[in-house]
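Worksheet: one structure, shown below.
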Amino acid sequence: MINFILNKDLKISNNNLILNFKKSTSYNNKYFNVIKIFNNLEYARLNIIINKKHIKYSHDRNRYKRIIKESFRINKYLLSLSDFIIFSKKKLNKLSNYKFIINLNKIWTFKNY
């Protein structure tokens, strides 16, 4: 049975955020940038960075974080063993939940990663 729980191990803490950009690849679109860094762990990890400059209200920032975490939790078994760092862009604030989820699914299924 597949375990869909999002444990604390699957989140990249600030202490573990050692970026090795030589082994990284990136994906960019109008709404966010994603950096994928290969790790030596048996699972994928996630870090979300949404700037206050891009999204003014905290309830909106938290909503996008919840959607990203939920999408990652559901797709974590399809992802390779990597660390994903997601940065927001200014246009993210104008995006509906449906379009945001569609763009997230493009990230998880991007083949040239």
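We did not get these values from a lab; they are worked out from the coordinates using the rules stated. Keep in mind the model is a prediction, meaning the values are calculated, not measured. Here the Cβ is made from the backbone with ideal geometry for all residues, glycine too, and neighbour counts use every protein chain on show.
Of note:
- Beta bridges by DSSP in segment 8-108, antiparallel share as percent, to the nearest 5: 65 percent
- Structure note, pairs LYS52/LYS94; LYS36/LYS94; LYS30/LYS76: Cα-Cα distances above 21 angstrom occur for LYS36/LYS94; LYS30/LYS76.
- Counting 0.36 nm for each residue step from LYS89 to ASN40 and taking away their Cα separation leaves a gain of 14.7 nm.
- Taking Lys and Arg as +1 and Asp and Glu as -1, the other residues whose beta-carbon sits under 12 Å from that of ARG63 total +2.
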